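Structure first, then comments.
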Protein chains: 2
Amino acid sequence: MTTSVPHLTTAMNGPILELEAHLLANQMLVEAWFREQWLLTPAPFYASVDLRNAGFKLAPVDTNLFPAGFNNLNPAFMPLCIQAAQAAVERACPRARRVLIVAENHTRNLFYLESLETLRQIFEQAGLEARIGSLRDDLSEPMEVDLPSGKQCYLEPLIRKGDRVAIGDFSPCLVLLNNDLSGGRPAILEGLEQQIIPPLSAGWSDRKKSDHFNHYHAVAQEFAKTIDIDPWLVSPLSLQCGEVNFMDRDGGECLAVNVENMLSLIAEKYAEYNIDKEPFVVVKADSGTYGMGIMTVKSVDEIRNLNRKQRTKMSSAKEGLVVDNVLVQEGVYTFETLGDQGAVAEPVVYMMDHFVVGGFYRVHTSRGIDENLNAPGMHFEPLAFAQPCNTPDKQDMPDAEPNRFYAYGVIARLALLAAARELS
Amino acid sequence: MTTSVPHLTTAMNGPILELEAHLLANQMLVEAWFREQWLLTPAPFYASVDLRNAGFKLAPVDTNLFPAGFNNLNPAFMPLCIQAAQAAVERACPRARRVLIVAENHTRNLFYLESLETLRQIFEQAGLEARIGSLRDDLSEPMEVDLPSGKQCYLEPLIRKGDRVAIGDFSPCLVLLNNDLSGGRPAILEGLEQQIIPPLSAGWSDRKKSDHFNHYHAVAQEFAKTIDIDPWLVSPLSLQCGEVNFMDRDGGECLAVNVENMLSLIAEKYAEYNIDKEPFVVVKADSGTYGMGIMTVKSVDEIRNLNRKQRTKMSSAKEGLVVDNVLVQEGVYTFETLGDQGAVAEPVVYMMDHFVVGGFYRVHTSRGIDENLNAPGMHFEPLAFAQPCNTPDKQDMPDAEPNRFYAYGVIARLALLAAARELS
């Protein structure tokens, strides 16, 4: 178990210290506000949220409703996960005794299979029989995969039987999706009498990042008002362009205008807070994930002068989804680094129901502070959070470990709430 | 943080290994059964349960609905406590932002005050403002007590304002009792418009141990049927005598008969399981706590020949409550010991809502395996559970640490369920 924690390597950490101190001082208000919100809009079953800590702001950049990476969490906090999984099952389907986990298709990714097996074990320890079903056409019989951890992952073909899906005779009332449906809504999962959690509509085939961030901005506004802060400190500015065709040079004019607007909006906020950094924006596909179709831009000319390779890259996302709607988002610097090499470290926070159950840092040694770490082929080392996110300590410094992790947990829950509203 | 775990020092651990193996093998059934039960009868807000592990049986001997000893829990599992406290508050009083904890009166007991302050901090970390009110007549202004841990405990006089209680202007909707009301139901707490949790009726002024164990036996029967075991493996036999006057020699005849019956009932079970031990019974006041009015008996003659001192001791319990109803209970040996000295170790399991949040052993070096360790003036060393109770590991041995702790958690929850039915 590791105990190292990244350092904030920026002189401009005043606002974050202030934010962390403010969250601590207002913890009672923060938690009461969340409790109230969860009564109004129940949390999704589970989620992970990617955060960026720039020292002057702390914001979510991606909310995953079909989280992988459970294997990267600190084993010391598995009890928290198990307890939260029990609470989540009790709320979603209290009489469930078994759960069928529907996996992603990338069965060759051993990291993903480690996560899947960890997730399965969480449910087993919570007292549910849990098995993993695969949607892959080429999987006609069960497959056992040996994992680097020494565990085995057992994948079984999912079959349809009338209005139910099953693995052989195993056809429980609770079907847990761990597949983000980037490839579309599979026919085998449509019109089931079983309860699918999260619902098919939470998949990337239906979901748009711009919807999520519209909800996020509303959530951040309400939250900021409640504890009296500038909502910009916890949210990235966002704009959306519809119908961008990257292969057609004229199709990008809306995008260019929005990038230009976004860069000047960021510049204004930087000026307000005396931040001596160059603004940048992130352009990404409005649907989909896995970091495909993502671009970092510091000047509108970069958009106007895209070469053919860049255009092609932006035109396709995971599993061939064609990009047409595009999200233009304020880029948030990552000023958390680890070790002498200054490896960039980005927190990812995990939640089950509305409980924060842990997280880890994506640590990357060879990538810049303004780039996307969750990009295809990018290698990162996971560094499990050394402490849980629910033990704030008012007697300690605002940026002491438990308090920084608490702040992560608060911002991640704001994104979770946005996702809850998105799904409701 | 300690990692030592007591050993079972008996050759007769076959049944327990079998029970632990059986609980593991049937974990899914066990947890589904509990989920179903909590839907029917919600768990009390919190509780601690004293267990005895005799190697051939594992049973609860006391269920405390106003637990102290939170300071003895493993700090590593405080996150579990905090998460469970959040769940408990959400169920009991979801809009609560503040909680007033009503303390026991023994303000000179620093161990108790450490527990109280730990409990207060759990609520603070869970996001509720928490303050401690005292019922003591002689406390007219706030008192700050320095604790051995270096913390401070701040006690404030509880006052009545119309239909509410308060500490100064602090009068939250949620009043949490941490006082077992052995001295009776205080007038100041009657007829409040605030929600008192647990209710006054959960205090020893109203509660009878025999009621609890009647419910426990029903629970144990149902549970045993569900997973197909002999209920005796998880429950102490109990009989109740009304109107026993220890000061009057003739008043104890019902008691003598019941002790005799109980001893032969135990002997039958010992014969059935080939247990080569002398049966003993525990005679205790049907109300009250703190180990007063408790007696260990191996022969009916001991009851018939009580001396004056013993009679006086049995006639009074905490705060002068007169003993009249008496519980005659199968004595359960403690065969868990620690270290070369063979110090007796008894597990105490803590729960918030229906979640097991940890526990500790009462370790005692100078007391026998058939005596009550929670007796007045008895000194024990707390030894925090090294592992949580919700991480059973089917790949490991049935008596491996996580599995033994899991078994503790199952039996403790049976007692919790009995208490839930008792209060409903």
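So which residues in the range B:121-144 are in contact with a Phe, Trp or Tyr (Cβ under 8 Å, 6 or more places away or on another chain), under 24 Å from B:Ile82 (Cα atoms) and away from chain A (no Cβ under 14 Å)?
Within the range B:121-144, B:Ile132 is the sole residue that qualifies.
What residue, of A:Phe34, A:Phe70, A:Phe77, is within 14 Å of chain B (Cβ to nearest Cβ) and farther than 25 Å from A:His215 by Cα?
The conditions single out A:Phe77.
Among (1) closer than 18 Å to B:Asn325 by Cα; (2) open to solvent by 40 Å² or more (accessible area, probe 1.4 Å); (3) in a loop (DSSP other than H, G, I, E, B), there is one condition B:Gly184 misses while meeting the rest; what is its number?
(2)
Before we move on, is A:Ala85 open to solvent by 10 Å² or more (accessible area, probe 1.4 Å), within 14 Å of chain B (Cβ to nearest Cβ) and not aromatic (Phe, Trp, Tyr)?
no
Answer yes or no as to whether B:Ala25 is under 21 Å from B:Glu401 (Cα atoms), at the interface with chain A (Cβ under 10 Å from one of its Cβ atoms) and surrounded by fewer than 20 Cβ atoms within 10 Å (Cβ to Cβ).
Spelling it out, it is not the case that B:Ala25 is under 21 Å from B:Glu401 (Cα atoms), at the interface with chain A (Cβ under 10 Å from one of its Cβ atoms) and surrounded by fewer than 20 Cβ atoms within 10 Å (Cβ to Cβ).
Just a yes or no: is a residue in the range B:64-79 free of Cβ contacts under 8 Å to residues at least 24 places away in the same chain and under 24 Å from B:Asp50 (Cα atoms)?
Looking for residues that are free of Cβ contacts under 8 Å to residues at least 24 places away in the same chain and under 24 Å from B:Asp50 (Cα atoms), one finds at least one in the range B:64-79, hence yes.
Of all residues in the range A:89-120 being among the acidic types (Asp, Glu) and in contact (Cβ under 8 Å) with a residue 12 or more places away in the chain, which is nearest to the other protein chains (Cβ to nearest Cβ)?
Looking at residues that are among the acidic types (Asp, Glu) and in contact (Cβ under 8 Å) with a residue 12 or more places away in the chain, I get A:Glu117.
On the given criteria, is B:Leu200 touching a Ser or Thr at 6+ places or on another chain (Cβ under 8 Å), among the aliphatic types (A, V, I, L, M) and within 25 Å of B:Tyr350 (Cα to Cα)?
Here the answer is no, as B:Leu200 does not meet what is asked.
Within the range B:39-61, take every residue that is away from every other protein chain (no Cβ under 14 Å), under 19 Å from the mean Cα position of the chain (by Cα) and not hydrophobic (A, V, I, L, M, F, W, C) and give me the one that is surrounded by the fewest Cβ atoms within 10 Å (Cβ to Cβ).
Residue satisfying both the conditions and the ranking: B:Asp50.
I'm trying to understand the selection: among the residues of the range B:130-156, which are surrounded by fewer than 18 Cβ atoms within 10 Å (Cβ to Cβ) and assigned to a strand (DSSP E or B)?
Passing the criteria: B:Met143, B:Glu144, B:Val145, B:Asp146, B:Gln152, B:Tyr154.
When A:Glu36 is evaluated against the numbered criteria (1) touching a helix residue (DSSP H, G or I) at 6+ places or on another chain (Cβ under 9 Å); (2) surrounded by fewer than 18 Cβ atoms within 10 Å (Cβ to Cβ), which criterion, by number, is the only one it fails?
Failing condition for A:Glu36: (1).
The values are calculated or read from the model by the stated rules, or taken from the named source; none is laboratory data. It should be emphasised that the depicted structure is a prediction, and the values quoted were computed from it without experimental measurement. Positions of Cβ are backbone-derived with ideal geometry, glycine not excepted, and every protein chain shown enters the neighbour counts. Just the protein is used for accessible areas: all its heavy atoms, side chains included, with ligands, DNA and RNA removed. Shrake-Rupley method; radii C 1.70, N 1.55, O 1.52, S 1.80 Å.
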